[in-house]
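Please read the structure below before turning to the comments.
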């Protein structure tokens with residue numbers, strides 16, 4: 001399976017020290033060049049760890065026309081991620097932002113978010129529990145609504 005990644009889930013998984021979950025769950029993990037450029041800025045949260053992890057995963061989308069059409073409503077990273085999703089015939093787009101998810105779903109793209117990755121990892125027994133990770137995310141600058149937090153714990157059986 002192939003997953004194309006947007007920036008915020010990568011940051012969230014880096015904060016949790018769980019980037020390797022993506023490598024364990026998917027045959028190929030793709031980081032669009034624009035997404036990498038957003039993440040690799042010196043001094044940005046988790047930039048050093050992400051830069052090392054992402055080195056062999058960075059790809060540039062070829063369909064510039066498609067990217068430009070999405071750039072009218074999304075940022076460059078999200079636009080390139082959607083382009084790469086179709087170019088690579090990916091299985092999932094890893095994205096958390098509400099607007100990006102909505103547009104991706106509207107265009108027939110299968111999306112998964114940070115919490116989905118954590119739930120899938122627990123289901124595959126890569127994680128014993130997600131509650132400590134959700135708590136850590138809530139203590140960081142990553143926003144999780146109370147409703148989503150409770151729903152994730154319910155789905156995880158915790």
- Message: residue 100 - would you say it is surrounded by 13 or more Cβ atoms within 10 Å (Cβ to Cβ), under 17 Å from residue 20 (Cβ atoms) and in contact with a strand residue (DSSP E or B) (Cβ under 9 Å, 6 or more places away or on another chain)?
- Response: no
Can we say residue 24 is closer than 27 Å to residue 156 by Cβ and assigned to a loop (DSSP other than H, G, I, E, B)?
no
Restricted to the stretch 40-57 and to residues being outside any helix (DSSP H, G or I) and out of contact with any helix residue (DSSP H, G or I) (no Cβ under 7 Å at 6 or more places or on another chain), the residue nearest to residue 16 (Cα to Cα) is 44
If we keep only residues of the stretch 114-158 that are in contact (Cβ under 8 Å) with a residue 40 or more places away in the chain and part of a loop (DSSP other than H, G, I, E, B), then the residue nearest to residue 91 (Cα to Cα) is 124
Taking the stretch 114-130 and keeping only residues that are surrounded by 13 or more Cβ atoms within 10 Å (Cβ to Cβ) and touching a helix residue (DSSP H, G or I) at 6+ places or on another chain (Cβ under 8 Å), one is left with 114, 115, 117, 118, 119, 120, 121, 122, 126, 127, 129, 130
In the stretch 58-113, anything within 16 Å of residue 28 (Cβ to Cβ), in contact (Cβ under 8 Å) with a residue 40 or more places away in the chain, part of a loop (DSSP other than H, G, I, E, B) and in contact with a helix residue (DSSP H, G or I) (Cβ under 8 Å, 6 or more places away or on another chain) is listed as 90
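Quick note: the coordinates plus some simple rules give every number you see, no bench work behind them. Keep in mind it's a predicted model, so treat the numbers as computed, not measured. Counting neighbours? That spans all protein chains shown, and the Cβs are built from the backbone with ideal geometry, glycine included.
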